[in-house]
Structures are given as structure tokens and as C-alpha cells.
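A short write-up of the structure that comes next.
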Amino acid sequence: MMTSPYAVLWDLDPRTIYLNHGSFGPSPIEVRADREQWSAKLERQPMKFFCQQMEELLHRTAEDLAKFVHTKAARLALVDNATIAMNIAAESIALQPDDEVLLTDHEYGAVRNVWNRRCQQTGAKIVTAQLPFPLNDQGVVDEIAAALTDRTRVIVVSHVTSPTASILPVERICQLAKQRGILTVIDGPHAVAMLDLRLDDLGCDFYCASCHKWLCASFGSGFLWAHPRHHHKLQCPIVSWGGSMSGRSACWQDRINWLGTRDPAALLSISSAIRFLEGITLSRFREYAHELICYARRELLAIDGVGPLCTASEDDVVSMCAVELPQSADWQPGYHGCPDPLQLELRDDHGIEAMVAAWKGRRFLRLSTHLYNSTDDIEKLLSALQGSQHLK
Ligand SMILES: Cc1ncc(COP(=O)(O)O)c(C=O)c1O
């Protein structure tokens, strides 16, 4: 398969081989058109749109999303992204001095920042569980259990981790937390569409997600899921009117739906993204992306000095994988805003967008595959890596 039969459904720059859907997932042409028609509707009659229609439209979108992630619309608030959802969850959990918030060593940097600030504000402290290497479900649960103390109030954990592209056993972690009376906040932007997400069965307190990754909704679309026992105390760090615009009865989402004037078109396009992926079928998407990522992983692991990062086998990945790279002579751990020279070489000399970064002193390459990718993309990546000075 040299080109993807699905690539025509996107309008990607033909000069770029895009292997970083996990960071920023472009939406298909029909989802973009849907977002644009919502924006056009708003521009034609802003009073009618904001004051009469928007709440009902957001509610209908939440209903579509609720079906997709197996929950009820009453438990969902639509927000721009997982970062905003995480900020709301953090603000809504009361912490006392000396309380502990448990994160793992695989958490996303910005999420760690959110909880660092929350701990600074409250006098609570962050504790980091070191997960086993390579990962295995029982080992993950055991390390988290070992890091709990009488002061642990919250566990914050990724469903699918960012640097190591690994799926964590969040259901078991939630069970463990519940037995100990500890709250759970799941960071789940990669899980939406990549996994069969059943939010009401997970047993968590809060779930934070973005729809602009694997679901392919427009950029600026995500959600916060909150268990009903938390709805009355939810606090949004952005304070606005906090009431209904259209005069319907109050609900907890009012504190989140209106964060001052802004275009909700990206949120409203979530329904169209769901229709798009369900039209192709989720199983087809997952099988297609999985086959490609396994091919990439196998070929990468055959390169001298490249090894698996955390995930032990192909069965542990769906559409995103990370492999460990050798540390070349010129290598220094890159950081946000200062990419690895190999990432820049792939981008500038080969038109390939993939993520090369550092995690705990290890250098890694993270690849994502979606319906628009093909074996041709992987082969071009492999050939670029074979000739690279930055791997030697
Ligand atoms: C695990 C994880 N959490 C949170 C985020 C933040 O997502 P967003 O930028 O959509 O808010 C990301 C983004 O890549 C992520 O990978």
C-alpha cells in the first residue's frame, strides 16, 4: 500500500509526511467544512446564535459525544482542550497543606505544571510514582499502591502516556484509589477514538480529554467528564457569568460553557468528527493505524542501537509508539521549544513531521499513524533515519 485510500479525505500539505497525529491531529475536509459552517452561522446573526441557539447546540453535541464515550451528556462539559479540563479539575479539588497529589513519571509536562501550581497555592505536595521499565499492568498498579500514603488525596494519571505512548491500566488504578478513599483524575486526550472509551465504567472522578487528536475534531475541542458527586463544587479558573444565556434552568456546565465571548464552532464540529470516523468504522481505523504502526515499530527496532521504550510488544500499542534512540555525539536532551536536531533534520531535509524528544535522560522517537498515512510514509522515514548523522 504505497498511498492511503483515505488520504483524499484530508487536505494535508503534499510536501509533508505527517507522522505526528498524536500531538496535533488534523481534521478531514468534511469536519473542517462543518466547523466553517458553524462559524458562518454565528457571523450571520450573533445575537440569535449566542443567546438562543448555542446552549441547545452544545447540549446536542454533548449528547453525541456521550454516546461515543459511553456516558451521559449531563456528566460532560465541552471545553477547548484537555489542558483546560485539567485546570478545572485541579481548581475543583480541595487540598490542605501536607496533602499529597500522586502523579507518575510518565505524565505530560503541562499537567505536572497545573498540579505544581495547585500545590503551591494550597501547601499540598506532589509525589511521583516511578513506574516499572518496561511497563506491565500489575507492576504499574503495584508501584502506584506503594507510593500511596495516608495523606494522598488525588491520583493524576494518563490513560495513554505522552512521551512513552503507553496505555496505562486506569480502571485498576481507579479501583485501588476508591478502596483507599482517594480521588482520581485521568488525563485522557489520546484515548478518545484510539481506545473504546467507556467513561461511566472507568470509576474515576474526573476525565480530561481533547477531541482534536485521534477523533479528528477541529482544533480547540475537548471535554471534562465529572462524576455527579463533584458537579456542585466545580470551579472554573476563568470566571464569567455562570448562568444560562437562553433562560433555561441552571446546570453545572453553565460555569464552563460561557467563558466570555468566543466562537464555539470547533466544539460543535465534534459531532461531525464522530460521524466521519463511525462512517469508516472505528475498527477499520484502529486496524489500519495499528498495522502501520506495527510495521514502523518492527523496522525501527531493526536499526542498530534502536530499542523499545516501555512497551514490551506490538499488542501494547494502537496507533502511536515510541522507540528509544541512541544518544549521538551531538545529542543533548531537547526541551519544549528546543527540538532535537534529528527532529529538525527530518522536518527540514525530508519534510517529515515526527517527534524526537527526551524522557528521563532517554532519547526517543514517537510516531503516530492515522488513516491518511501509508507504508510509503514509513519507508521514507526509515530511509531518512538510515542516512542521518544525528543517529550515529
Ligand atoms: C498526555 C497528554 N495530556 C495532555 C495533553 C494536552 O492536550 P491539549 O494540548 O489538547 O490540551 C497532551 C497533549 O499532547 C498529552 O499528550
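The values are calculated or read from the model by the stated rules, or taken from the named source; none is laboratory data. Worth saying up front: this structure is predicted, and the values here are computed from it rather than measured. Glycine also receives a Cβ, built like all others from the backbone with ideal geometry; neighbour counts cover every protein chain displayed.
The table that follows gives values for the structure above.
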{"read-out": "Members of region 97-118 that are surrounded by fewer than 19 Cβ atoms within 10 Å (Cβ to Cβ) and either in contact (Cβ under 8 Å) with a residue 40 or more places away in the chain or touching a strand residue (DSSP E or B) at 6+ places or on another chain (Cβ under 7 Å) (or both)", "value": "ASP98, ASP99, ASP105, GLY109, ARG112, ASN116"}
{"read-out": "Within region 17-52, tally of residues that are in contact (Cβ under 8 Å) with a residue 24 or more places away in the chain and within 23 Å of the chain's Cα centre (by Cα)", "value": "17"}
{"read-out": "Among residues of region 103-140, those that are within 16 Å of the ligand (Cβ to nearest atom), under 11 Å from VAL154 (Cβ atoms) and touching a Ser or Thr at 6+ places or on another chain (Cβ under 8 Å), counted", "value": "1"}
{"read-out": "Selection from region 247-283 of residues that are farther than 17 Å from GLN37 by Cα, in contact (Cβ under 8 Å) with a residue 40 or more places away in the chain and in a loop (DSSP other than H, G, I, E, B)", "value": "ARG248, CYS251, TRP252, GLN253, THR261"}
{"read-out": "Number of the condition not met by THR128 [criteria: (1) surrounded by 15 or more Cβ atoms within 10 Å (Cβ to Cβ); (2) in contact with an Asp or Glu (Cβ under 7 Å, 6 or more places away or on another chain); (3) not small (Gly, Ala, Ser)]", "value": "(1)"}
{"read-out": "Selection count where residues are surrounded by fewer than 17 Cβ atoms within 10 Å (Cβ to Cβ) and not in a loop (DSSP other than H, G, I, E, B), scope region 196-229", "value": "4"}
{"read-out": "Region 74-93 residues that are over 18 Å from HIS190 (Cβ atoms) and assigned by TED's automatic domain parsing to the domain that holds ARG60, paired with ones that are within 13 Å of the ligand (Cβ to nearest atom) and polar (S, T, N, Q) (beta carbon under 8 Å, 6 or more apart)", "value": "LEU78/SER221"}
{"read-out": "Given (1) within 30 Å of LEU385 (Cβ to Cβ); (2) at pLDDT below 95; (3) buried (at least 19 other Cβ atoms within 10 Å of the Cβ); (4) polar (S, T, N, Q), index of the condition SER313 fails", "value": "(3)"}
{"read-out": "Count of region 340-354 residues which are surrounded by fewer than 23 Cβ atoms within 10 Å (Cβ to Cβ) and in contact (Cβ under 8 Å) with a residue 12 or more places away in the chain", "value": "8"}
